[in-house]
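The values are calculated or read from the model by the stated rules, or taken from the named source; none is laboratory data. Predicted model only: the values in this text are computed from it and were never measured. With ideal geometry, Cβ positions are generated from the backbone for all residues, glycine too; neighbour counts draw on all protein chains shown. The protein model used for the area step is the full one, side chains on, heavy atoms only, and it has no ligands, DNA or RNA in it. Shrake-Rupley method; radii C 1.70, N 1.55, O 1.52, S 1.80 Å.
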Amino acid sequence: MQDLHTSTVARLVRAHLGDEIGAVTLAALNIAPALLSEEGERVSRASMATALGAALFRTVLDGVPSASAYVGERLEIDQRITLDHGALRTILFPEGPTGALPGGQEAFARILHPLGYVEAAQYPLPRLRMTGHAWCHLDYPEDILQYFVSELHVDQFDAEFAAAAHRVFDTSADPLSAQAKAALDRFAAEGSVPFAEAEALLPVLVSAFDRAHEPAFEDDYETLLAQSKEAAWIATEGNAFNHATDRVADVAALAEALRAAGKPIKDTVEHSASGRVHQTAFRADMVERPFRRADGTPVTRTVPGSFFEFITRDTLPGSEALDLGFDSGNATGIFAMTRTP
């Protein structure tokens, strides 16, 4: 394995997070040696995607106490985290844009595609009135984390819900600067960019995985919450990582051990229709978030935040390749982790 101080991925992460936090974050992750072999003054799309994943993993550690505790306990027994995927939720209006953001997953397709991702599959989530989109990396599909980007279909709710959604999400700003968009265009055209350009791009990309709109009015939040717990979650958390996921050898055994240790683990393990993908998760940590009263006065409320997930992927029939797919039933069950207890 290459020295974490000299690889392109490590240099990017340490530049973004600082030497100490960057080193700690990288040390917690099981990163494929091939992804740490790149050095020099150009950054490939694979290295950029890996660095982005590590930086977003840090946001989960900083914002989700149960995730941070789990990772710390793994490291105590010399087990690193294998990032399987991160999930985020978006709003899709029939009109298209969400404020200044492209509508739904398009706000992230413009980031993921230049970094070497392709949309691998779609997963209808009819009970939630959402659709999930799986994005997988072309160069290192098993080694670079996937993204599960879900879209909430506002047009499948009533007019009162749609009006409240517009009042909340029409205030969305676009975090991508013209410089960031130009760097992404260069990644798309050339497959790599100069290190300095990638270094400037990384914090901008990380900022896209956050709340881009103003704090919601309480009445609008209650209107969304009454019809969709998922829309209410997006109202407070925006496009933050809904969860990050550790790929483990035996999720059922891990879940049993975590349950015995008194951890906030889901009651059951979800199994895909194929029988090859197995998932469970912690319940979301509760967080304090800003709101506005009808007169504009700021107020704080306690709401569900993000969480940490665990997944085991079996191999495909007749192959040594992992089944990298998802499952609509599994996803629907996992989504319930952000619902208020």
Once the piece of chain linking Ala196 and Ala252 is laid out straight, how much longer is it, given 0.36 nm per residue of separation minus the C-alpha distance between them?
-> 15.8 nm
Treat each spin label as a single point 7 Å out from the Cα along the C-beta direction, and report the Val118 to Ile21 distance in nm.
-> 3.6 nm
Answer rounded, prolate or oblate for region 23-140, using the Cα gyration tensor with square roots of eigenvalues a ≥ b ≥ c: rounded when a/c is under 1.5, else prolate when a/b is larger than b/c, else oblate.
-> oblate
Cα centroid separation, region 86-128 to region 57-84 (Å) | 26 Å
Under 22 Å Cα-Cα from Lys229, which lysines qualify once same-chain neighbours fewer than 8 residues away are excluded?
-> Lys266
With only Lys, Arg, Asp and Glu charged, each at its Cβ (+1 for the first two, -1 for the last two), find how big the charge dipole of the chain is about the Cα centre; round to the nearest 20 debye.
-> 360 debye
Name the shape class, rounded, prolate or oblate, that the alpha-carbon gyration tensor gives for region 195-317, where a ≥ b ≥ c are the square roots of its eigenvalues, rounded holds for a/c under 1.5, and otherwise prolate holds if a/b is larger than b/c and oblate otherwise.
-> oblate
Of region 230-247, those with amide N under 16 Å from the point 7 Å along the Cα→Cβ vector of Tyr140 are 247
Run the numbers on the chain and let me know its relative contact order in percent, using alpha-carbon pairs under 8 Å that are six or more apart.
-> 18 percent
HN-Hα J in Hz across region 134-143 - Karplus 6.51, -1.76, 1.60, θ = phi - 60°, x for Gly and Pro | 9, 10, 10, 7, 6, 7, 9, x, 8, 10
What FRET efficiency comes out for the pair Met286/Ala188, r = Cβ-Cβ distance, R0 = 45 Å, nearest 0.05?
-> 0.70
Roughly how many Å is it from the Cα centre of region 317-336 to that of region 136-169, as a whole number?
-> 18 Å
Based on the Cα coordinates of region 46-100, what is the per residue volume of their convex hull in Å³?
-> 131 Å³
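Which percentage, to the nearest 5, of the DSSP beta bridges contained in region 221-341 is antiparallel?
Here the antiparallel bridges make up roughly 75 percent for region 221-341.
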Cα-projected label distance for Arg259 with Ala226, points at 7 Å along beta-carbon direction, nm = 3.7 nm
Cα-based equivalent ellipsoid, region 222-281: semi-axes from gyration tensor eigenvalues, Å = 28, 15, 12
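Would you please classify the overall shape of region 124-191 from the alpha carbon gyration tensor, given that a ≥ b ≥ c denote the square roots of the eigenvalues, rounded means a/c under 1.5, and beyond that prolate means a/b larger than b/c while oblate covers the rest? Provide the component values of the computation, followed by the final result.
Values: a/c = 4.10, a/b = 1.49, b/c = 2.76.
Cα axes put region 124-191 in the oblate bin.
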Using distinct alpha-carbon pairs, which all enter the 1/r mean, Kirkwood radius of region 259-330 in Å = 15.2 Å
Pick out, from Ile144, Ser192, Gly103, the residue whose Cα sits farthest towards the positive end of the charge dipole of region 72-192, with +1 on the Cβ of Lys and Arg and -1 on the Cβ of Asp and Glu.
-> Gly103
Over region 1-123, what percent of the accessible surface lies on carbon and sulfur atoms, probe 1.4 Å?
-> 51 percent
Any chance you could get the radius of gyration and Dmax over the Cα atoms of region 9-55, in Å?
-> 9.7, 25
Additional length obtainable on full extension of the chain from Glu106 to Arg127, 0.36 nm per residue less Cα span = 5.3 nm
For the chain, radius of gyration divided by Kirkwood radius, i.e. Rg to Rh on alpha-carbons | 0.95
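For Glu320 and Glu39, what is the calculated FRET efficiency with R₀ set at 30 Å and r taken between the beta-carbons, to the nearest 0.05?
0.50
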Cα convex hull of region 153-195, projected area averaged across orientations, nm² | 4.8 nm²
So what is the accessible area of the chain per residue, in Å², with the probe set to 1.4 Å?
-> 40 Å²
Excluding residues on the same chain fewer than 8 positions from Lys181, give the aspartates and glutamates whose Cα lies under 19 Å from its Cα.
-> Glu106, Glu190, Glu197, Glu199, Asp210
